[in-house]
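Trainee: Take this structure, written in structure tokens, and hold onto it; I'll ask about it next.
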Amino acid sequence: MKSKNKYYNQASALIYKIKYVGATLLFGLSTLLHPGCKKLVEVAPPTTSINGGNVYNTDATAIAVITAFYAKLGQTTAGGFTGSGGISFLTGLSADELTLNSGISNITQVSYYRNSLSATAAGSEFWVTLYPYIYKCNDAIEGLNNSTTLTPTVKQQLLGEAKFMRACFYFYLINLYGDVPLVASTDYKINALLSRSATAQVYQQIIADLKEAQASLSANYLDGSLTGISSERERPTKWAATALLARVYLYTGDYFNAETQATTLINNSSFGLSLLNNAFLKASLGNKEAIWQLQPINTGHNTEDEWTFKLSNSPAGLNTTHPVYISSLLLNAFELGDNRKANWISSYTTTAIPITTYFYPSKYKSATLNAAVTEYLMVFRLGEQYLIRAEARAQQNNISGAQSDVNAIRTRAGLTNTTASTQPALLTAILHERQVELFTEFGHRWLDLKRTNNINAVMTVVTSQKANGAAWQSYQQLYPISLDEIQKDPNLVQNPGY
């Protein structure tokens, strides 16, 4: 695929220029971009793979291997980070955010929307995508640790990036599938027979990785060579690790540390809440809200999320390329005068009778072919950190502190201060603010409903409105593991209900 991503192009150029590791590096990057169909926690390394220490002999080739991650994450891979196969789209279908057009027959989209996933059809997309990424992280960590020739600062940064990415992938795996195998090496003989580790144990590994990443990663946003400062925020820094660590502490009930990590970001003058219409621009255009973004890589495109969500007359409205619109439940969740509804939601009205108006997410604005690249995919932003701290403070009975953080988000949205003044009322108010602030962003709503134990109450109502004739079952909050994976590993147990 032709790409305009400068990191992706840089990696390609390095493959061409550095002859003495050409075949080895090319194989390594190609296996990252096309992981194949072997058992995903197994992946036995061929003798010519990038496991060889030669790839980590030079700064340039080591950087190229890690850089390939960011190019891959910007693609519309099923079970990936963006577009119609991405986590925002598919979990939005599972939850109460998106409505699937009744004329859509795509089995994956229909299954996520109807919460009718199965071990033999749709449901394992994130499992089969994220485990190859984890394997490559492990491969990079081992190769970097064994290298004695890299510039120390480069080695330190790349190790931090690999551990940060591994933590990120595991975070989504355990929140989508529950207990998962904890793959911490490239030893395929061990990995092939792993059983599922308890979620608490996986969280311990995530926290350990993030603490190490915090200590290793630069506080500055670096360019592709890791020697200069970038005006964009597309390479992980210690601040990205801090953002995920704050979220992990919140999810695990460590409210003191969740507040501490979020405060580190909120008090950092490099970050700030942007105007609503600027909050998803790339950082170089003055967007201080961005903590970590991914640069679009498809030629002529801004973000793939906007290309998927935007409804317009060309091509006409709802179709297989643009199959969803915002649900009435999400649309009606906005208070009167909430500027997020005015600025982050747009509408499309049909020209044919019966004339119908559909609403769609428009946090990203640009879906015009060959338009200037002005928007990067937002992975972590400061708005979430205010809501993390608000919830952590409320859980610690710091009522005024929680109110202050909620009000910072509400003020930007043009709303008056919250009226919630007790811990239960504040927690309810914060969940509502998360719903209307973080909608269609990396599965926040789906994960929030589960971790706050609201999923059964909400989805019982939602499922009945999806007109699929089936009642909500609690087991559906976890996605199924592919039957193929279960059959290959005698120690791997399926999620209940599938």
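Trainee: Dividing the Cα radius of gyration by the Kirkwood radius, what Rg/Rh value follows for region 159-293?
Mentor: Expressed as Rg/Rh, it is 1.02.
Trainee: At 30 angstrom or more along the helix axis (alpha-carbon based) and mean Kyte-Doolittle of -1.0 or higher, what helices does the chain contain? Whole DSSP H runs only.
Mentor: Working: long enough: 125-146 (33 Å, -0.20); 152-177 (37 Å, 0.28).
Both cut-offs are met by 125-146, 152-177.
Trainee: How much of the calculated P(r) for region 290-354 lies past 18 Å, in percent of all Cα pairs?
Mentor: Every Cα pair in region 290-354 considered, those over 18 Å come to 54 percent.
Trainee: Which ³J(HN,Hα) values in Hz, rounded to whole numbers, follow from the phi angles of region 319-327 under the Karplus curve 6.51 cos²θ - 1.76 cosθ + 1.60, where θ = phi - 60° and Gly and Pro get x?
Mentor: The phi angles translate into 7, 5, 7, 10, x, 10, 9, 5, 5 Hz.
Trainee: Regarding region 331-454, what are the three Cα extents along the principal axes, ordered largest first, in Å?
Mentor: Computed over region 331-454, the largest-to-smallest principal extents equal 53, 35, 28 Å.
Trainee: Along the charge dipole of region 122-249, pointing to its positive end and built from +1/-1 on Cβ of Lys, Arg, Asp and Glu, which listed residue (Gly143, Gly224, Trp239) has its Cα farthest out?
Mentor: Trp239
Trainee: Taking only the alpha-carbon positions of region 371-426 and ignoring solvent, what does the Debye formula give for the base-10 log of I(q)/I(0) at q = 0.19, 0.21, 0.28, 0.29 Å⁻¹?
Mentor: Reported log10 I(q)/I(0), two decimals: -0.66, -0.75, -1.08, -1.12.
Trainee: Show the residues, 5+ positions off or on another chain, whose built amide H is closer than 5 Å to the amide H of Ser197.
Mentor: Val180, Leu182
Trainee: May I pose another question? Past 28 Å, Cα to Cα, is the threshold; run Lys72/Lys155; Lys136/Lys363; Lys72/Lys310; Lys211/Lys310 against it and keep the listed order.
Mentor: On the way: Lys72/Lys155 22 Å; Lys136/Lys363 32 Å; Lys72/Lys310 23 Å; Lys211/Lys310 38 Å.
Over 28 Å Cα-Cα: Lys136/Lys363; Lys211/Lys310.
Trainee: A further question follows. Send over a whole-number figure in Å² for the accessible area per residue of the chain, probe 1.4 Å.
Mentor: Roughly 37 Å² per residue, with all protein chains present.
Trainee: Leaving ligands, DNA and RNA out of it, report the carbon-plus-sulfur percent of the accessible area of the chain at a 1.4 Å probe. Walk me through the numbers before you get to the answer.
Mentor: Details: 9890 of 18530 Å².
C and S atoms contribute 53 percent here.
Trainee: Run the 1.4 Å probe and let me know the accessible area of Asp254, rounded to the nearest 10 Å².
Mentor: We get 50 Å² for Asp254.
Trainee: May I pose another question? Take the chain, compute every pairwise Cα distance, and split them into 20 Å bins from 0; I just need the percent in each bin.
Mentor: Final binned percentages: 23, 59, 18, 0.
Trainee: Here's another thing I want to ask about it. Could you order Phe256, Phe164 by accessible surface area, starting with the largest, using a probe radius of 1.4 Å? Let's see the in-between values first.
Mentor: Details: Phe256 135, Phe164 0 Å².
Listed by decreasing accessible area, they come as Phe256, Phe164.
Trainee: For region 283-295, what does the Karplus curve 6.51 cos²θ - 1.76 cosθ + 1.60, with θ = phi - 60°, yield as ³J(HN,Hα) per residue in whole Hz, taken in order and with x for Gly and Pro?
Mentor: Values, residue by residue: 4, 5, 8, x, 8, 7, 6, 5, 9, 8, 10, 10, 6 Hz.
Trainee: Quick one: which residues, 5+ away or cross-chain, put their amide H under 5 Å from the amide H of Gly443? H built at 1.01 Å from N.
Mentor: HN-HN under 5 Å from Gly443: Ser88.
Trainee: Quick one: which residues, 5+ away or cross-chain, put their amide H under 5 Å from the amide H of Val379? H built at 1.01 Å from N.
Mentor: Trp292, Gln293, Leu294
Trainee: If you don't mind, another one. If you consider only alpha-carbon coordinates, what radius of gyration and Dmax does region 173-240 have, in Å?
Mentor: Here Rg and the maximum Cα pair distance are 16.1, 45 Å.
Trainee: Go through region 485-498 residue by residue and turn each phi into a ³J(HN,Hα) via Karplus (6.51, -1.76, 1.60, θ = phi - 60°); whole Hz please, and just put x for glycine and proline.
Mentor: Coupling constants for region 485-498: 5, 4, 5, 7, 10, x, 9, 9, 10, 6, 5, x, x, 10 Hz.
Trainee: Rounded to the nearest 10 Å², what accessible area does Ile66 have for a 1.4 Å probe in the complete protein model?
Mentor: Counting only protein heavy atoms, the figure is 0 Å².
Trainee: So, one more: Quick one: accessible surface of Phe309, probe radius 1.4 Å, all protein chains present, in square angstrom to the nearest 10.
Mentor: We get 10 Å² for Phe309.
The values are calculated or read from the model by the stated rules, or taken from the named source; none is laboratory data. Quick caveat: nothing in here was measured; it's all calculated off a predicted structure. Every residue, glycine among them, receives a Cβ derived from its backbone with ideal geometry; neighbour counts consider all protein chains shown. To get the accessible areas, we keep the full protein, side chains included, count just its heavy atoms, and leave off ligands, DNA and RNA. Shrake-Rupley method; radii C 1.70, N 1.55, O 1.52, S 1.80 Å.
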